[in-house]
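The next block holds one structure in the form of structure tokens; read it before the comments.
The values are calculated or read from the model by the stated rules, or taken from the named source; none is laboratory data. The shown structure was predicted, so the numbers you read here are calculated from the model rather than taken from an experiment. Cβ placement follows ideal geometry from the backbone for every residue including glycine, while neighbour counts extend to all protein chains displayed. Accessible surface areas use protein heavy atoms only, side chains included; no ligands, DNA or RNA. Shrake-Rupley method; radii C 1.70, N 1.55, O 1.52, S 1.80 Å.
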Amino acid sequence: MPLAAQEASESSDESADDKPLTTPAQRAAESDYVVLAQLHIFKYETRRDIPVEGDTWFDVLVPYKVPMPVERMKVVEEGFGEGKCYFDDVELFNEMPRYLLFLVNNPEGEAGEVRGHPDGCAVPVATTTDNRYVVRWPIENMRFEGDVESLVQEYELHGPGAFVDLSDLVGYRREEEIERLHLVEAEDDRGRDFIYRYTRGIPLSDFRSELIGTDNLTLDRVQRGN
């Protein structure tokens, strides 16, 4: 199931099986790897155009929590349903999207293989026009405590992760999503209609320090490989 389809219910802090969502700090603590990474390539086996098994390769940009230095990661997945770690094709840009990944070791796989955290493996990260990383808001597959909205800012986002295609939605559902996600209409070089741009996010540095916490990340620069 693509990333957009694996997010939790729009209006609930609980998943379909009533398991409470984890906070960013909890998810990081339970993960073996927390990294900012850029999608490189994926190969999925599909049924009726829905991924059911496959591998995704990422280039690691910033290692926040790692047991050893790593530059490229292979994320394996199988099955379908909520919480599966699959990713969408990128149609609007040649540049590949970036994600904050929460990953766990795959004891049954080959050396170096990892799987997504069972509560959700990825949070989309967009870039601003002045080249800063921003965690796109809202985030629907995590639980947040305290005044998170005070960290949210408005941005001129661009590149992969900053846009969404709502052409598959009927009119009233499209309007609901525009309001809920604080979207603005965007021009598409391919001339397609119903392309919108996200406008809100949390600076990645704030997300890391305020919502994840340094206690849940790797502090040893040698271990991180930098």
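Within the range 138-191, being over 29 Å from Ala25 (Cα atoms), outside any loop (DSSP other than H, G, I, E, B) and in contact (Cβ under 8 Å) with a residue 24 or more places away in the chain holds for one residue alone: Asp165.
So, in the range 105-120, exactly how many residues are open to solvent by less than 30 Å² (accessible area, probe 1.4 Å) and either under 17 Å from Asp59 (Cα atoms) or at pLDDT below 85 (or both)? Total satisfying the criteria: 3.
Per-residue answers, yes or no, for (1) at pLDDT below 95; (2) open to solvent by 60 Å² or more (accessible area, probe 1.4 Å); (3) in a helix (DSSP H, G or I); (4) closer than 26 Å to Asp206 by Cβ:
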{"site": "Ala28", "(1), (2), (3), (4)": "no, no, yes, yes"}
{"site": "Ala37", "(1), (2), (3), (4)": "no, no, no, yes"}
{"site": "Phe58", "(1), (2), (3), (4)": "no, no, no, yes"}
{"site": "Met68", "(1), (2), (3), (4)": "yes, yes, no, no"}
{"site": "Met96", "(1), (2), (3), (4)": "yes, no, no, yes"}
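Just one of the listed residues (Val152, Val135, Val123) is in contact with a helix residue (DSSP H, G or I) (Cβ under 6 Å, 6 or more places away or on another chain), surrounded by 14 or more Cβ atoms within 10 Å (Cβ to Cβ) and at pLDDT 95 or above, and it is Val135.
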